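Asker: Pasting a structure below so you can have a look.
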Amino acid sequence: MAAASTVITAATQKINGGIVTRRHDIWFRLVSSADIWQQFGVAPRTRLPFVVSSCLVLMCVAAGLWWSGSITPRIRWEIDSFFLSAQVDDNGVLSTSAWVELENQAFSPFTVTDISMAIPGLRLLPSERTEDDPAEITVRGDGTRTVTRRIVITDCAAVPHEPQPIRFSYRTWLVSGSSEVMLDPWQMTGSGGSVPVAWQRALANVVCDKAVSGEF
């Protein structure tokens with residue numbers, strides 16, 4: 001789109017062979033579309049493709065970092081019920097060693113710096129800082145790691161039947177943060193067959209049953 005403006009100079013006369021002629025100087029100034037957008041205080045249209053392409057690049061980078069596990073780790077949690085045992089100390093405190101398996105479902109490594117939970121009837125003890133129970137757990141990309149954590153059952157009957165989350169703090173090469181995870185229910189066999197039971201309720205059932213049965 002272009003606009004034109006005209007300017008007429010002062011007329012001059014010239015006599016040529018008895019004929020009086022006038023000369024008018026006329027010139028045009030072309031105005032580009034960028035000048036028009038600037039007059040209205042709007043960025044030139046030619047920048048729009050650049051802005052759109054920049055946004056698309058940023059979105060792709062953010063999506064790539066997300067799926068790589070660099071922003072939020074992609075972790076599959078599991079507590080193996082096969083190794084659960086009931087242990088009672090001299091003070092009558094009932095506890096068990098839970099084998100926790102962490103699977104990194106992304107290619108960026110992460111480090112779990114803390115695991116905690118607030119579940120009635122259960123208490124997760126601090127890390128023993130051993131090889132099997134380290135203070136920090138690092139899992140490489142597309143790898144797995146199994147550690148043990150000590151859980152005290154303070155009241156078997158108080159453990160809720162509704163699924164309860166555990167909270168973990170993590171660190172990646174890009175960020176640090178915390179999140180909550182809900183473990184998959186366990187399949188418990190009863191008179192009506194196999195039924196899903198919230199993981200913490202199933203754990204308490206197994207440990208408390210072993211404690212009263214004398215298996216420990």
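Asker: Note the full-extension length gain between L56 and V195 as 0.36 nm times their separation in residues minus their Cα-Cα distance, in nm to one decimal.
Answerer: 45.3 nm
Asker: Which value, in Å to one decimal place, does the Kirkwood hydrodynamic radius take for segment 100-193 when every pair of different Cα atoms is included?
Answerer: 15.0 Å
Asker: Continuing with the same structure: How far is the Cα center of segment 77-110 from the Cα center of segment 114-159, in Å?
Answerer: Each part reduced to its Cα centre gives a spacing of 6 Å.
Asker: DSSP loop GluC sites (Glu not before Pro) in segment 128-216 with at most 15 other Cβ atoms within 10 Å of their Cβ, which ones?
Answerer: E128, E131, E136, E215
The numbers here are math on the coordinates, done by the rules we state, and not lab data. This structure is a prediction, so every number in the text was calculated from the model and none was measured. Note that we place each Cβ from the backbone using ideal geometry, even for glycine, and neighbour counts take in every protein chain shown.
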